[in-house]
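What follows is a set of notes on a single structure, which appears directly below.
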Amino acid sequence: MNAAISPLLATGFLLGWSVAWPPGPINSEIARRCLASGFWAGFTVLLGACCADAFWAVLVSLGVGAIFTTPLMREIMGVISIALLLALAALFLRAAWRASAQPASDSGSALRFNTRRAGFLLGASMALASPWNVAFWLAAMGRPELSGNSAYALLAMAAAVISGALTWGLVWSGSVVLLRRRAGSDQAAKWWAFGVDLATALLMIYFAVNSAIRIF
């Protein structure tokens with residue numbers, strides 16, 4: 001017999017919030033985009049990631065998610081994820097260098113990369129390529145105490161997990177935008193952009209190295 005849906009929804013929401021707030025590449029990119037281009041530029045990264053999470057949740061609820069945790073698939077996804085993180089790090093290092101020299105020269109490419117569509121696709125790509133996302137959904141929805149629930153109940157729980165992550169994203173994006181408003185003069189904005197791009201690049205390198213150590 002299926003358990004009541006309400007406890008599953010509450011558990012899912014808390015689980016989604018708890019896994020969304022720790023520092024990671026997606027949170028770092030949300031912050032960078034919010035600082036560079038405002039709330040929606042960053043929040044759409046999370047929307048893309050949540051859509052990818054929904055994809056993994058459906059696969060797990062259908063019983064085929066375990067295919068992607070085999071050693072070979074784990075390594076393939078890990079290599080893709082690491083390559084993406086290193087590519088982002090290189091992009092942000094270049095942006096930091098240009099910002100320190102003459103920030104106006106990079107405005108065109110920065111605007112193209114910071115569009116909402118680009119943010120959505122980047123968030124989806126980062127979540128799809130991460131082998132840890134599959135492991136999370138298997139751990140969240142494959143627990144023994146949930147084995148008696150229907151696919152509908154599991155999908156409802158998955159929706160609650162994504163709702164928790166989105167709620168955290170609203171709080172995080174809004175908080176970063178409030179910080180962004182403190183940048184006053186053009187000179188301050190220039191070094192603000194330099195510092196944010198440089199810090200994000202270093203974080204992406206750290207996450208890439210950490211992922212490589214965990215996988216290989």
Cβ pairs under 8 Å, 6+ apart or interchain, first in the range 112-128 and part of a helix (DSSP H, G or I) and at pLDDT 90 or above, second of a type in the set (Lys, Arg) and crowded, with 16+ Cβ neighbours inside 10 Å, ordered by first then second residue, are 119/33
Residue set 104, 41; condition over 16 Å from residue 207 (Cα atoms) and modelled with pLDDT of 80 or more; output residue 41
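Do we find that residue 89 is surrounded by fewer than 21 Cβ atoms within 10 Å (Cβ to Cβ) and touching a helix residue (DSSP H, G or I) at 6+ places or on another chain (Cβ under 7 Å) in this structure? Full working, then the answer.
Details: surrounded by fewer than 21 Cβ atoms within 10 Å (Cβ to Cβ): yes; touching a helix residue (DSSP H, G or I) at 6+ places or on another chain (Cβ under 7 Å): yes.
Yes; evaluated as a whole, the condition is true for this residue.
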Any residue at all in the range 62-69 that's at pLDDT 90 or above and assigned to a helix (DSSP H, G or I)? no
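Only one of these is in contact with a helix residue (DSSP H, G or I) (Cβ under 8 Å, 6 or more places away or on another chain), of a type outside the set (D, E, K, R), surrounded by 17 or more Cβ atoms within 10 Å (Cβ to Cβ) and modelled with pLDDT of 90 or more: 172, 192. Name it. Step through it out loud before you land on a result.
Working: 192 fails: modelled with pLDDT of 90 or more.
Checking each option against the conditions leaves just 172.
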Discussion item. When you scan the range 69-81, do you find a residue that is crowded, with 20+ Cβ neighbours inside 10 Å, out of contact with any Cys (no Cβ under 6 Å at 6 or more places or on another chain), of a type outside the set (Val, Ile, Thr) and under 26 Å from residue 167 (Cα atoms), even just one?
Written reply: yes
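Matching residues to (1) surrounded by fewer than 23 Cβ atoms within 10 Å (Cβ to Cβ); (2) under 11 Å from the mean Cα position of the chain (by Cα):
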site: 15; (1), (2): yes, no
site: 24; (1), (2): yes, yes
site: 35; (1), (2): yes, no
site: 45; (1), (2): no, yes
site: 52; (1), (2): yes, yes
site: 63; (1), (2): yes, no
All-but-one check, residue 155 against (1) under 19 Å from residue 49 (Cα atoms); (2) at pLDDT 85 or above, failing number (2)
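The values are calculated or read from the model by the stated rules, or taken from the named source; none is laboratory data. This structure is a prediction, so every number in the text was calculated from the model and none was measured. For neighbour counting, all protein chains shown are included, and Cβ atoms are generated from backbone atoms with ideal geometry for every residue, glycine included.
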